[in-house]
Amino acid sequence: MQTALQFGPVLVHLDLLLRGLEKTIQLAALSILFGTLIGIFGAVGRSYGPRVLSWPIAWYVELIRNTPLLIQLYFVFFSLPLFGFKLSSSTAAIVALSIHLGAYATEILRAGIEAIPKGRSRLPNRWGSAATGSSATSCWCRRRVLFTRRSRRNSSCRSWEPRSSAPSPRKS
């Protein structure tokens, strides 16, 4: 017995499927943007902030990572209106997905920050204080040195490692 796929009923509603695809891409892009921002602020706050700030961030990360995403979506969409926050379905999806991604991004970026050797993380402070003594220069140096190292550490691709095309000279 042979079966043939019947795409006729699906193709009748192709315009609805394309609108759904467009909406899905919009929700994903906005959730990724906001979730990444939450992750950056959370990782910096947890790594460099005081304990008063670090503990609530750690609590948030553990709470979100230990509850299923579907429960979080239900909570945002159905429970927040009980507290007076009425959100549209799209806004609720963006909020829930951003919060979910923010928790995971916080841990990923925090691990990248902590993977930097201590000597490397003290270098921007020395550059900033030695050059002008201003904190603005220190912030610039910190971003320049640490952020590039963090992005390299967090990258799954190791193509950034320098490779020499010339063979090393041999001493005879």
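The values are calculated or read from the model by the stated rules, or taken from the named source; none is laboratory data. From a predicted model like this one, the values you see are computed outputs, not experimental measurements. Because the Cβ atoms are built from the backbone with ideal geometry, glycine has one as well, and the counts that use them run over all protein chains shown.
Brief remarks follow.
- Cβ separations smaller than 7 Å between residues 6+ apart or across chains give no pair from the range 6-30 residues that are over 12 Å from Ala93 (Cα atoms) to residues that are exposed (fewer than 10 other Cβ atoms within 10 Å of the Cβ).
- Hey, Leu70 modelled with pLDDT of 95 or more and crowded, with 17+ Cβ neighbours inside 10 Å or not: no
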